[in-house]
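Worksheet: the structure to be examined is printed underneath.
What follows draws every value from the coordinates through simple rules; no lab data is involved. Since this is a predicted model, take the numbers as computed values, not measurements. Note that we place each Cβ from the backbone using ideal geometry, even for glycine, and neighbour counts take in every protein chain shown.
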Amino acid sequence: MDRGGRDDGHRIPAPFPAAFPRRRVLAAQEITNHIGKGGLCPLLDCLALRACRDGRAQPCIAVALGSREGIPIMLVAFEGQDGAGKTALLEAVHAGLQRRGIASVMLEEFSDSPYGRQLVRAVARDKFLRPVADDGATPITRTLEEVADLYYFDERIIGPALACGHKGLKDRHRDTIFYTLTPTLVTSGTIANEERVLGWLTALCSELLHPPDLTVYVWAPLSIRLERIARRPGHFAEGRAHKASDEDRAVFAARDRIIAWLIAKEPTRFLTVDNGEHPIEKGAQEVVEAIFKRQTRTEDAL
Ligand SMILES: Nc1ncnc2c1ncn2[C@@H]1O[C@H](COP(=O)(O)OP(=O)(O)O)[C@@H](O)[C@H]1O
Ligand SMILES: [Mg+2]
């Protein structure tokens, strides 16, 4: 498919300012203000628009509309249990993409915003981010803090990075909200049952502008995860951060169950990587291949 006139000198647009209006479809004038007449704005959420010479915006990549299969992977989320190797795999994927000349940015679990800094303090007190005595949080307010930080990422960090044409590699994203908070909200007696929690969390997350195009589920058996957790450098105030009690194991089991449900609901979004006995590079290669394949398939289609 023609991309709408390659002779227009299409280039990746300059980064949008952080405070760029939070909208799915931009008016033609806004696009031309940012990328100039005749430029191509490759990804505004799922809808690609071309700013034409006459200043009107036209959808130019029909294949992008309504089909995630037809667009390149831009945002990759890394999900999985503690110690599975999410952060290590993300870094290895970043290096692998660099070797292939594909620009990507690594996005940490928590942002540097006040929301993120609050969560860094909270995780130092409890590795599962549960409210502890005198930290002033309840299960509901802690949920809102986590969701707030994800929205901050979405609007202020992920959006601008994708607009520059970078792949975003995010350490935990929306699925984390579901599989980590659901057990907490139910076992604390805050919300009556999982169904109600999942309904509430779905609504809370429904205005994210940049859902992951690919979610890498990093898997490793519990025994290996526990070994890795025991070995990892300690910066936790919580004394039990490197140990797994029976209660911790119950949390892991509940999370496993919800992750399995999330994957079953959207199987094509997930790529499960076995990061148990294998060297990290093997998993990284699988992820880089998946990104690269869809990139070239999309380019061929255009
Ligand atoms: N495939 C692997 N082989 C050996 N060590 C690994 C592997 N994947 C991760 N690790 C190590 O295990 C520890 C936990 O990994 P990390 O990426 O921090 O897990 P997560 O971010 O999922 O909690 C780190 O020290 C990391 O270097
Ligand atoms: Mg990590």
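Can you give the percent of C-alpha pairs in region 68-301 whose distance is more than 30 Å? The share of Cα pairs beyond 30 Å in region 68-301 comes to 23 percent. The order of the peptides 266-274, 189-197 by mean Cβ neighbours within 10 Å, most packed first, is 266-274, 189-197. Note down the relative contact order for region 68-301 as a percent, whole number, built from C-alpha pairs under 8 angstrom at least six residues apart. It comes to 35 percent, rounded to a whole number.
In sequence order, region 131-144 has phi-based couplings of x, 10, 3, 6, 8, x, 10, 10, x, 5, 5, 5, 4, 5 Hz under the Karplus curve 6.51 cos²θ - 1.76 cosθ + 1.60, θ = phi - 60°, and Gly or Pro positions carry x. A simple spin-label model places pseudo-atoms 7 Å from Cα toward Cβ; at residue 249 and residue 188 they are separated by 2.5 nm. When each of the peptides 114-123, 160-169 is scored by how many other beta carbons lie within 10 Å of its residues on average, the order from highest to lowest is 160-169, 114-123.
Given the pairs 265/293; 86/167; 167/293; 127/170, which span a C-alpha to C-alpha distance of over 21 angstrom in this model? In this structure, 265/293 lie more than 21 Å apart at Cα.
Note on region 68-301: with charges restricted to the Cβ of Lys and Arg (+1) and Asp and Glu (-1), its dipole about the Cα centre is near 280 debye.
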